[in-house]
1. Being assigned to a loop (DSSP other than H, G, I, E, B) and either touching a Phe, Trp or Tyr at 6+ places or on another chain (Cβ under 9 Å) or more than 28 Å from Arg29 (Cβ to Cβ) (or both) is the filter here, so list the residues in the stretch 41-51 that pass it.
2. State all residues of the stretch 119-166 that are assigned to a helix (DSSP H, G or I) and modelled with pLDDT under 75; if no residue qualifies, say none.
3. Counting only residues that are at pLDDT 95 or above and open to solvent by 40 Å² or more (accessible area, probe 1.4 Å), which one in the stretch 91-104 is nearest to Thr24 (Cα to Cα)?
4. Could you pull out the residue among Leu20, Leu30, Leu73, Leu26 that is within 18 Å of the chain's Cα centre (by Cα) and either modelled with pLDDT of 90 or more or not polar (S, T, N, Q) (or both)?
5. Just the residues that are of a type in the set (A, V, I, L, M, F, W, C) and crowded, with 19+ Cβ neighbours inside 10 Å, please, taken from the stretch 64-87.
6. Any residue that is more than 18 Å from the chain's Cα centre (by Cα), part of a loop (DSSP other than H, G, I, E, B) and either farther than 28 Å from Ala129 by Cβ or in contact (Cβ under 8 Å) with a residue 24 or more places away in the chain (or both) - is there at least one of those in the stretch 52-59?
7. I want to confirm something. Restricting to the stretch 105-118 and keeping residues that are in a loop (DSSP other than H, G, I, E, B) and within 13 Å of the chain's Cα centre (by Cα), which single residue is modelled with the lowest pLDDT?
8. For Glu34, state whether it is closer than 30 Å to Ile149 by Cα and either exposed (fewer than 13 other Cβ atoms within 10 Å of the Cβ) or in contact with a His (Cβ under 6 Å, 6 or more places away or on another chain) (or both).
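The values are calculated or read from the model by the stated rules, or taken from the named source; none is laboratory data. These figures come from a predicted structure and were not determined experimentally. Using ideal geometry, Cβ is built from the backbone for each residue, glycine included, and neighbour counts are taken over all protein chains shown. In case anyone asks, the SASA skips ligands and DNA or RNA and just uses the protein heavy atoms, side chains included. Shrake-Rupley method; radii C 1.70, N 1.55, O 1.52, S 1.80 Å.
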Amino acid sequence: TKPCNAKMREGEIEIAKDRLVAVTPLGHRLVKKENITLRQILHYPLILYDLNCEVNNLLNEFFKLNEINIESLKIKIRMPDVPSSITAVSEGLGLSFCPEIIAKKAKRAGLVDIIYIPNIESAVYSICALKGEATSNAIQEFWRHLTTISKTFKGKLPCILKIIYP
């Protein structure tokens with residue numbers, strides 16, 4: 001994953017796009033507010049991710065692009081992955097950030113509410129595949145398939161759009 005405006009490396013293709021959203025416990029007061037800012041969300045205790053979680057790298061880049069010093073945040077707990085973070089949010093331990101695809105599933109399950117981060121282009125990111133050494137025909141064929149998908153849908157895979165916009 002990487003910010004959408006980041007340069008692609010050789011052998012890398014974008015296969016989908018998603019965006020970061022804030023997740024809150026059900027009925028949180030920020031959900032009903034209009035014109036939410038990132039600064040307002042960051043005022044609350046946060047549930048972020050362990051250092052080796054890929055979403056942590058994405059969030060660090062997001063904070064950096066928005067000139068937010070991570071040391072200044074009220075980090076209550078770090079979780080190993082997105083599902084555990086969503087569970088902690090649903091228990092009222094704080095707010096978190098996660099990919100919209102996962103947040104939508106959790107919202108439909110009645111676990112969390114979602115806040116969209118307005119007017120922040122850096123909340124949208126690319127999901128990329130990096131071509132490795134093709135050691136078998138199956139891997140070579142899979143890479144050809146990913147390349148075709150990437151060109152055809154330009155980051156808007158129908159299966160992802162169906163999850164986000166039912």
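1. Passing the criteria: Asp50, Leu51.
2. Within the stretch 119-166, Glu121, Ser122, Ala123, Pro158, Cys159, Ile160, Leu161, Lys162, Ile163, Ile164 meet the criteria.
3. So, considering only residues that are at pLDDT 95 or above and open to solvent by 40 Å² or more (accessible area, probe 1.4 Å), the one nearest to Thr24 (Cα to Cα) is Gly92.
4. Criteria check complete, one pass: Leu20.
5. Met79, Val82, Ile86
6. no
7. Among residues in the stretch 105-118 that are in a loop (DSSP other than H, G, I, E, B) and within 13 Å of the chain's Cα centre (by Cα), the one modelled with the lowest pLDDT is Ile117.
8. no
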